[in-house]
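Below is one structure; the comments refer to it alone.
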Amino acid sequence: MSTMRGLTSKLVMYENFWYMTNSSIFRNVLSIQKNFVAKDTDIFITGLPKTGTTWLKSLLYAIVNRTNHPINQSPLLSHHPQELVYNLESDVYNEAFDYPRPNNLNELPSPRLLSTHISYMSIPESIKTSGCRILYICRNPLDVIVSAYYFTLGFVKNTIKDKDDQDSIVLPRLEDFYEDFCDHVLEYWKASLERPDKVLFLKYEDLIDHPVLHLKRLAEFIGMPFSSKEDNEGVVQQIIDFCSIKNMKGLDVNKNGVINKFFEKKSYFRKGEVGDWANHLTPFMVERIDRLMQEKLEGTGLSLKLHL
Ligand code: PAP
């Protein structure tokens, strides 16, 4: 473990990734490694922040529970997707909460649907060795940067009222962000190649482009394939339409209130497009990231689409 000075916080390098020491996330990660035990039936959504995990949560939840209730009576109508698929480090093992959330884990119905942003190297051993499934979602880094920028801006404006404190927030350097981004993606990419029955690698751009194909892939992967009867009845398309950003953003439950004390529910739904980066990033920034992307991904067999 090594440390370096950030401008507003000390950063700690742990198992290849930088964590801010003034955020509880690092301590939560250690707690997860120590305490969490995966079950064979668990299904995990993994991916970096802003890569589409909220969307994937709603899709997974709707697929797994499709026989429990019709889509027009879905709990997604009364709960934000983040409230139905818990994130380990933010919702469950979060020391910022003053009550023991891990108890909730035992009350979750099977299969437990959980999520984490933790890297493959750092997830608990039991997730790797048990029969549980991992869905990894990846998105092109340019759209992730833009999405993270807006999310952070909204968060800072809503939670930090003092202007000087707002101004003191310093985002990570682009290179540091990018290094972590690639390492995270490539670790899971490698795991998906080595253990395709265990790790399903999904791309946000593919889900936008060919939702039916990838939803069917996902359902098969978790052992709950759509039957031909469901296919004929248009169940796949119903789930896609229900979980579309237009529908989710318009639901009252997703318009008001906060999650985990600070995060506005509506901030998880912005544009949901591929290529919005073209409206925000300069050609210089794009060229720099594109070059880094070519270097890092070369020879890995992985490619990321910047446009559709
Ligand atoms: P998180 O890691 O904080 O949970 P995450 O859900 O992974 O964030 O990513 C948010 C992005 O997914 C937002 O992208 P944008 O800023 O470029 O718009 C958000 O709009 C997008 N998103 C959320 N729900 C959907 C959806 N149903 N369909 C497509 N994109 C979505």
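The values are calculated or read from the model by the stated rules, or taken from the named source; none is laboratory data. This structure is a prediction, so every number in the text was calculated from the model and none was measured. Positions of Cβ are generated from backbone atoms using ideal geometry, with glycine treated the same way; all protein chains shown enter the neighbour counts. With ligands, DNA and RNA removed, areas are computed over all heavy atoms of the protein, side chains included. Shrake-Rupley method; radii C 1.70, N 1.55, O 1.52, S 1.80 Å.
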Between ASN87 and residues 5 or more places away or on another chain, which pairs have amide H atoms under 5 Å apart, with H built 1.01 Å from N, and which residues are they? VAL92, SER115
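Going by accessible area, probe 1.4 Å, with all protein chains left in place, what is the ranking of TYR149, TYR14, largest first?
The ranking, largest first, comes out as TYR149, TYR14.
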Let me check something: with ligands and nucleic acids excluded, how do SER23, SER110, SER74 order by accessible area (1.4 Å probe), largest to smallest? SER110, SER23, SER74
Please identify which residues in the range 117-150 have an amide N closer than 20 Å to a label point set 7 Å out from the Cα of LYS305, following the Cα→Cβ vector. 136-147
Given a 1.4 angstrom probe, I'd like the percentage of the accessible area of the range 11-297 that is carbon and sulfur, rounded to a whole number. 54
One-quarter of the Cα convex hull surface for the chain, in nm²? 16.4
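State the antiparallel share, in %, of DSSP beta bridges confined to the chain, rounding to the nearest 5. Walk me through the numbers before you get to the answer.
Values: 10 of 26 bridges.
In the chain, DSSP labels about 40 percent of beta bridges as antiparallel.
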Find the accessible area per residue for the chain; the probe is 1.4 Å, ligands and nucleic acids are left out, and the unit is Å². 50
In sequence order, calculated HN-Hα J values of the range 213-222 (Karplus, 6.51, -1.76, 1.60; Hz; x Gly/Pro): 4, 6, 5, 5, 4, 4, 4, 5, 4, 8
Between the range 68-89 and the range 18-48, what is the separation of their alpha carbon centroids in Å? 21
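When 1/r is averaged over all different Cα pairs and the result inverted, which Kirkwood radius in Å belongs to the range 202-308?
Values: mean 1/r = 0.0589 Å⁻¹.
Final number for the Kirkwood radius of the range 202-308 is 17.0 Å.
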Keeping all protein chains in the complex and leaving out DNA, RNA and ligands, what accessible area do you get for ARG270 with a 1.4 Å probe, in Å² to the nearest 10? 70
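Net charge near VAL85, counting Lys/Arg +1 and Asp/Glu -1 over other residues with Cβ under 13 Å of its Cβ?
Working: positive: LYS57, ARG112; negative: ASP42, GLU83, ASP91.
For residues surrounding VAL85, the net value is -1.
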In terms of modelled amide H atoms, which long-range or inter-chain residues lie less than 5 Å from the amide H of PHE201? TYR136
